[in-house]
1. Taking only Cα atoms and a 10 Å spring cutoff, compute GNM fluctuations for the chain and point out the largest among Asp36, Asp68, Asp58.
2. Of all accessible surface on the chain at a 1.4 Å probe, what whole percent is carbon and sulfur?
3. Residue by residue, what Karplus-based ³J(HN,Hα) values in Hz, rounded to whole numbers, does the range 72-77 have, using 6.51, -1.76 and 1.60 with θ = phi - 60° and x for Gly and Pro?
4. For the chain, what is the mean residue ellipticity at 222 nm derived from helices alone (per DSSP H run of n ≥ 4: -39500 (n - 2.57); sum divided by total residues; nearest 500 deg cm²/dmol)?
5. Could you tell me the relative contact order of the chain? Use alpha-carbon pairs under 8 Å, at least six residues apart, and round to a whole percent.
6. If a/c stays under 1.5 just call it rounded; otherwise compare a/b with b/c (prolate if a/b is bigger, oblate if not). Do that for the chain, with a ≥ b ≥ c from the square roots of the Cα gyration tensor eigenvalues.
7. Residues of the chain: accessible area per residue at 1.4 Å, in Å²?
8. Could you list which residues have their amide H under 5 Å from that of Leu82, counting only those 5 or more apart in sequence or on another chain, with H placed in the peptide plane?
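The values are calculated or read from the model by the stated rules, or taken from the named source; none is laboratory data. None of these values were measured; they are calculated from a predicted model. What goes into the accessible areas is simple: the full protein's heavy atoms, side chains included, and nothing from ligands, DNA or RNA. Shrake-Rupley method; radii C 1.70, N 1.55, O 1.52, S 1.80 Å.
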Amino acid sequence: MVARNSEMLDVLLKVAADPTVSWRAVELAGRGISADAAGTLWTLSEKNRTTSAEELADLLMAQAEIVDALTGAWRSFGNGELSKEQFESRLEGAVHGLEEWLARVSGA
């Protein structure tokens, strides 16, 4: 299920619903879902007023790198290439990255 055409949200919802991940991973997924929603709202409402086209492109490319890292980690976890602990570490990095990205765009 792809929710609202967001690859990141899709992965985070799968993480939160997966019975094999830790409760810490579920908590991180929840934080990521909140940050993704806030980022989507910013993109829809603020982008045209606060940033130039070049700045917006840079910001969205930075966000895409975070999404790519998360989706890659989720695929690797699903294929058995990452342990729960390794996946959780990468998930935490992606969520922190998304939260930092959100702080950056909120100040842009």
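1. With Cα springs under 10 Å in the chain, the top fluctuation among Asp36, Asp68, Asp58 is at Asp58.
2. On the way: 3410 of 6320 Å².
Here carbon and sulfur together make up 54 percent of the probe-accessible area.
3. x, 5, 5, 4, 5, 5
4. On the way: 5 runs with 87 residues, N = 108.
Using -39500 (n - 2.57) per qualifying helix, the result is -27000 deg cm²/dmol.
5. Details: 84 pairs, mean separation 37.0, N = 108.
About 34 percent, as a whole number.
6. On the way: a/c = 2.25, a/b = 2.08, b/c = 1.08.
Prolate.
7. Working: 6320 Å² over 108 residues.
It amounts to 59 Å² per residue over the chain.
8. Phe77
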